[in-house]
Amino acid sequence: MAEKIVSVQSSLSSAPPLEIHDLTVAYHKKPVLWGIDLAVPPGKLVGIVGPNGAGKSTLIKAAMGLLPFNSGWVKIFGQPVRQALNRVGYMPQRESVDWDFPVSVMDVVLMGRYGHIGLIKRPTKNDREIARECLDKVKLLPFANRQISNLSGGQQQRVFLARALAQQSDLYFMDEPFAGVDAATESAIVSLLQELKNKGKTLMVVHHDLPTAREYFDMLLLLNMRVVAFGPTEQVFTPDLLQKTYGGKLTILSEVAEQVRQKGTQ
Amino acid sequence: MRFANYDSRFTRCLLLLAVILGAGTINVSAARIGDISETDIVGQAVRFFTFQDPAVRYALIGSMLLGISCGLLGSFIVVRKMALVGDALSHAVLPGVALGFLWNMTKDPVAILVGATLAGLIGAATVTLIKQTTRLKEDAALGLVLASFFAMGICLVTMIQRLPTGNKSGIDKFLFGQAAALGPDDVRLMAIVTAGAIAAITIFYKEFLVTSFDAAFARVAGFPAQVIHYALMLLLAFAVVIALQAVGVVLVSAMLITPAAAAYLLTDRMSRMLWLSAIFGMVAGATGAFFSFLGPKLPTGPFMVLGATSVFVLAFLFGPRHGVIVRWLRQRSRARRVQRENTLKSVYHVLEARDFKGEGVSLRELAERRRETIEDVKEQASNLRSNGLVSLHDEGDVIFLTPAGWQLACAIVRNHRLWELYLTNAAQIAADHVHEDAEKIEHVLGEETVRQLEKRLAGMTTDPHGKPIPTLADIRQGTGFSERPTEPTGYGKR
Amino acid sequence: MNLIPSFEFQRVIVAPWTQDIGSYGWIALMGFLVATACGLVGNYLILRRMALVGDAISHSVLPGLAIAFLVANTRSSLVMFLGALGAGVVTTLLIELIHKKSRVKQDAAIGITFSSLFAIGVILISVYASKVDLDQDCVLYGEIGTIPLMGPTPIVRMACVTALTIALIIVFYKELLVSSFDSGLAYSLGINAGVVHYSLMCLLSVVVVSAFESVGAILVIAMLILPGATASLLSQRLPLMLGLTVLHAALSSVLGIHLAVWLDCSIAGAMVVMGAVLFGLAWIFSPQQGLLWRALRSRGNHCQTVPAVLSSE
């Protein structure tokens, strides 16, 4: 693969790949994320776990600038998100697109190159070559000309992964990449992710399954509207912290947030 | 990315040039459509399409141009699921059209274009504002803006018609469309807008594609998705406005959706969809212009819509990939094939049960094995014979497999038993659960899969129930036997 | 320019209720009845996010009516209703057929169906203009202005439809409420959501057909959505919303007449425009959701009032 050696070197520079300060996101006065503080070191495979509605997808979307937030800031490699987008790769959930759209698998993966191609210009032979390599990595090259609705769920997931790979980014955000895939595909995806990490990339992955979270990721972010814990997996994956994250009772924070909403203040 | 082909770009430029040149060199002539003495429809058709009437040329060319631009923009509406937005936009421009009329008290195409576009944009902005600031959802907001703006337009139209110059203004033609009212200025404007739309879509193809498919990803890739969305809305407004005079306010949205939906059913590639829907739009436009030409008071809009709908119906029923009738036929032939294979399988089983002694299987034995009546079995047998898989003897009472029939029967049995073996060994499913699954799978296993299965299960020669599995070698051995051999052949030789 | 006539108080405001009450009185009553029936049904369309379906049905009754005229040669109500109901059924079936049997999505299926049917209707009334008692103008904006000339029959008919609508909504209030809000709950309560849905569609067809003569095919949508949308801005409780719908219907009819007298324009169009004006007023001045209040509130609330105490947890 045409590797950008520059990217490895720049990830060794001082600015962390992702830095979030006091991020708050609220919809109609109901808080979804509260005062998030985060600094992610480079070259790590980070799992984001938490109960449903904890704001995991919201966190990565807000970090990429896809959602507005009420307070705080986000920096990517020390720069405002807008300017650093060319170093960011995104793998959204499968439900986010209409799979009846008239495009082929190759067309979708080529979209991953659009960020590098820029406005108006066409994909070059090199771009197509890169797209083919990414498709090969996820073992979907024979399907390149198939229309995307003729794929199984696991194959669709892999198309999205190939597209993210084609972006050749330094920081990846992935939203439940293992949702609905079989065991073989899952371990194939995990080894791809680890390959990326070994090349110095940073990956932020929203994950839904606790037991495998412990296996797959170097660092874990336990999230339940706010950061419960963030650090190396062995330190963070403790019964105590997990209980705090997934515990059924409302924490004091949630109770007060509820009161604030009811009183109608902003 | 076929748009990137030099050929298609070249062809499009050529087409466009032809249209512009044609429109530019046509003389103004006042011949009114409909004052023709010929009454026979073929004569009318010939006269229409060979441009004998100068006024007809404008009507026809204009209709085809608007068909192209509606088809192109409509494609994006269909894939983005924005049909109601198209409908609302096309109704909401009416007050703008009326105000455009009032500007000069005549039918000034540019004033109307400006007025209508402004009205459309204000309408779109109002919808967005309503969605953001109230609890009303998108469908209610669109319906509300659609009807309110349209009502304002109707009030203005009735007021204009009251004026002394009003009735001659031709504004009533804007409601249901009248292609005959198109003049050289109109056609020139339509050509410009259509050319602009073609150019914009060609140049920014991948931008429109990626923002339509996955807007969030597009933003992360650095594309200004909102800006591109508004640009598309603006192009849409222009396409609507140039179509208004010929199609009418009420039916423009159909010209946006229907040709594009027909194209959607016929192809799996966005680039081809754009081509097809432009062509279908053009055809619908020409058809509409022609039919309304047949009578003096016939509005053009409805005929264009029906033209487009006919194309859609054809695509819906007979489209090679997704057509309803085509799919039904395919299913039926598949069902018949499965039936044939099952019968063959039963023949094989009967033979196997008596260790392949004697090649003939009587209808009665077959009926017993399949637990069906003799009539049904007879029908299946004659079906097999017409496919060259069996031959019938003793007044049609005894079945003999032909070489082709033997091969197919073995193949099916092999598939079934291999699959059962695979399920019990590799997937560890209980032996009594596998039969149902194998009944289905046996008909669809391909050669390559079978080879893989055989390799994987190498050395196993019996299925979970202890029955032997025919191998490819056995099957091939079976060819070349004569009709009534004296010793068992095929698998029995082993 | 004499596009906009002068506003003479006597002519515009007073005369309709005094010397011209013979005509305008009836027109106001008809407008009120139409808007009430449509608005009440429309509330449920808004709640169920089916405004597009309302649009579709209002367009597709046209060919039903045209065919009914051609076949029966009379303007009898029964024939018209049957024609319209038939068209409504055909529409629903075609929409289902298209989007269930192909990959065309529901929005495009609805658009294709109703516009084709509408086109057929327009062609029928243009070609058979002499035999069918409808013309293009009537289709677009109705003939409510001719109501006074047609005797009591149309008004009585509409009054019955409106009364029926009110009665059905009162009787089946709970069922409509639950199935609009949560069809799962409705099922567990023994309410068949499918029956409710199709009955609502039938009621909608009947109401739309009755309104058709007065306001035409396209303004019907306004009558369906505007009252309920305005009411939803002013209240969050359904009974109150239904009451406000009726009030909106009355106000928009009356004010519409004044506007139409002043500008000498289409009466139905004027009624819708005034309805939209009422919506605009509610949008700006509504006590909780209005734009004015939002602007005032956000100006007073610059600082984050979330207690700093939380950050120490």
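The values are calculated or read from the model by the stated rules, or taken from the named source; none is laboratory data. Please read these numbers as outputs of a predicted model, since none were measured by experiment. Heads up, the Cβs are rebuilt from the backbone with ideal geometry, glycines too, and the neighbour counts pull from every protein chain shown.
Against the conditions (1) hydrophobic (A, V, I, L, M, F, W, C); (2) within 14 Å of chain C (Cβ to nearest Cβ); (3) in contact with a Ser or Thr (Cβ under 9 Å, 6 or more places away or on another chain), residue B:216 satisfies every one except (2).
Could you say which residue among B:351, B:344, B:314 is under 24 Å from residue C:105 (Cα atoms) and either touching a helix residue (DSSP H, G or I) at 6+ places or on another chain (Cβ under 9 Å) or not polar (S, T, N, Q) (or both)? Please lay out each step first, then the result.
Numbers: B:351 fails: under 24 Å from residue C:105 (Cα atoms); B:344 fails: under 24 Å from residue C:105 (Cα atoms).
Result of the check over B:351, B:344, B:314: B:314.
Report whether or not residue B:117 is within 27 Å of residue C:110 (Cβ to Cβ), in the same structural domain as residue B:240 (by TED's automatic domain parsing), surrounded by 18 or more Cβ atoms within 10 Å (Cβ to Cβ) and touching a residue at least 60 places away in the same chain (Cβ under 8 Å). Criteria met by residue B:117. Looking at residue C:293, is it over 15 Å from the mean Cα position of the chain (by Cα), assigned to a helix (DSSP H, G or I) and at the interface with another protein chain (Cβ under 9 Å from one of its Cβ atoms)? In short, no. Name the residues in the stretch C:279-290 that are outside any helix (DSSP H, G or I) and within 11 Å of another protein chain (Cβ to nearest Cβ), would you? C:286, C:288, C:289, C:290, listed by residue number. Taken over the stretch A:90-106, the criterion of being facing chain B (nearest Cβ under 8 Å) and within 21 Å of residue A:172 (Cβ to Cβ) is satisfied by A:90, A:92, A:96, A:97. Being more than 9 Å from chain B (Cβ to nearest Cβ) and aromatic (Phe, Trp, Tyr) is the filter here; which residues of the stretch C:61-120 pass it? Matches in the stretch C:61-120: C:69, C:81. Inspection of the stretch A:171-186 finds a residue satisfying the criterion of being in contact (Cβ under 8 Å) with a residue 24 or more places away in the chain, within 14 Å of chain B (Cβ to nearest Cβ) and of a type in the set (Asp, Glu).
Conditions (1) modelled with pLDDT of 90 or more; (2) surrounded by fewer than 15 Cβ atoms within 10 Å (Cβ to Cβ), marked per residue:
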| site | (1), (2) |
| --- | --- |
| C:82 | no, no |
| C:88 | no, no |
| C:91 | no, no |
| C:108 | yes, no |
| C:122 | no, no |
| C:128 | no, yes |
| C:145 | no, no |
| C:152 | no, yes |
| C:159 | yes, no |
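Scan the stretch A:119-136 and give yes if some residue there is facing chain B (nearest Cβ under 9 Å) and of a type in the set (S, T, N, Q), otherwise no. Looking for residues that are facing chain B (nearest Cβ under 9 Å) and of a type in the set (S, T, N, Q), one finds none in the stretch A:119-136, hence no.
The single condition among (1) under 22 Å from residue B:149 (Cα atoms); (2) within 14 Å of another protein chain (Cβ to nearest Cβ) that residue C:212 does not meet is (2).
Can you find a residue that is touching a residue at least 24 places away in the same chain (Cβ under 8 Å) and not in a strand (DSSP E or B) anywhere in the stretch A:23-31?
yes
Every condition in (1) in contact with a helix residue (DSSP H, G or I) (Cβ under 6 Å, 6 or more places away or on another chain); (2) of a type outside the set (A, V, I, L, M, F, W, C); (3) more than 24 Å from residue C:141 (Cβ to Cβ) holds for residue B:178 except the one numbered (3). Taken as a whole, the structure places residue B:372 among residues that are within 45 Å of the chain's Cα centre (by Cα), surrounded by 15 or more Cβ atoms within 10 Å (Cβ to Cβ) and charged (D, E, K, R). Please go through the stretch B:132-153 and pick out each residue that is modelled with pLDDT under 90 and either part of a helix (DSSP H, G or I) or surrounded by fewer than 22 Cβ atoms within 10 Å (Cβ to Cβ) (or both). Passing the criteria: B:132, B:133, B:134, B:135, B:137, B:138, B:139.
Just to check your reading of the model, which residue among B:252, B:227 is out of contact with any helix residue (DSSP H, G or I) (no Cβ under 6 Å at 6 or more places or on another chain) and at pLDDT 90 or above?
Details: B:252 fails: out of contact with any helix residue (DSSP H, G or I) (no Cβ under 6 Å at 6 or more places or on another chain).
From the options B:252, B:227, the qualifying one is B:227.
As for the stretch B:107-120, it holds at least one residue that is more than 8 Å from chain C (Cβ to nearest Cβ), modelled with pLDDT of 90 or more, more than 35 Å from the chain's Cα centre (by Cα) and part of a helix (DSSP H, G or I). Condition check: under 20 Å from residue C:41 (Cβ atoms), in contact (Cβ under 8 Å) with a residue 60 or more places away in the chain and within 11 Å of chain B (Cβ to nearest Cβ). Does residue C:242 satisfy that? Spelling it out, it is not the case that residue C:242 is under 20 Å from residue C:41 (Cβ atoms), in contact (Cβ under 8 Å) with a residue 60 or more places away in the chain and within 11 Å of chain B (Cβ to nearest Cβ).
Return yes when residue B:340 is modelled with pLDDT of 85 or more, surrounded by 15 or more Cβ atoms within 10 Å (Cβ to Cβ), assigned by TED's automatic domain parsing to the domain that holds residue B:417 and under 22 Å from residue B:469 (Cα atoms) and no when it is not. Judged against the criteria, residue B:340 is a match.
For the stretch B:407-446, a residue qualifies if it is under 20 Å from residue B:387 (Cβ atoms), in contact (Cβ under 8 Å) with a residue 40 or more places away in the chain and polar (S, T, N, Q), and exactly one does: B:407.
Taking the criterion of being in contact with a Pro (Cβ under 6 Å, 6 or more places away or on another chain), buried (at least 20 other Cβ atoms within 10 Å of the Cβ) and under 30 Å from residue A:149 (Cα atoms), would at least one residue in the stretch B:296-310 satisfy it? Yes, the stretch B:296-310 contains a residue that is in contact with a Pro (Cβ under 6 Å, 6 or more places away or on another chain), buried (at least 20 other Cβ atoms within 10 Å of the Cβ) and under 30 Å from residue A:149 (Cα atoms).
For residue B:158, the conditions (1) within 14 Å of chain C (Cβ to nearest Cβ); (2) at pLDDT below 85 all hold with the exception of (2). Meeting the requirement of 1 or more residues that are within 30 Å of residue C:122 (Cβ to Cβ), the helices (runs of 4 or more DSSP H) wholly within the stretch C:162-278 are C:193-234, C:238-263.
When the residues of the stretch A:137-157 are filtered to those that are among the aliphatic types (A, V, I, L, M) and out of contact with any strand residue (DSSP E or B) (no Cβ under 9 Å at 6 or more places or on another chain), the one that is nearest to the other protein chains (Cβ to nearest Cβ) is A:151. Can you confirm whether the stretch B:175-190 contains a residue that is at pLDDT 90 or above and surrounded by 24 or more Cβ atoms within 10 Å (Cβ to Cβ)? Within the stretch B:175-190, one or more residues are at pLDDT 90 or above and surrounded by 24 or more Cβ atoms within 10 Å (Cβ to Cβ).
Mind checking which residues of the stretch B:367-404 are outside any helix (DSSP H, G or I) and within 17 Å of residue B:349 (Cα to Cα)? Before you say what the answer is, go through the steps one by one.
Filtering the stretch B:367-404 down to residues outside any helix (DSSP H, G or I) leaves B:371-373, B:387-402.
The answer is B:371, B:372, B:389, B:390, B:398, B:399, B:400, B:401, B:402.
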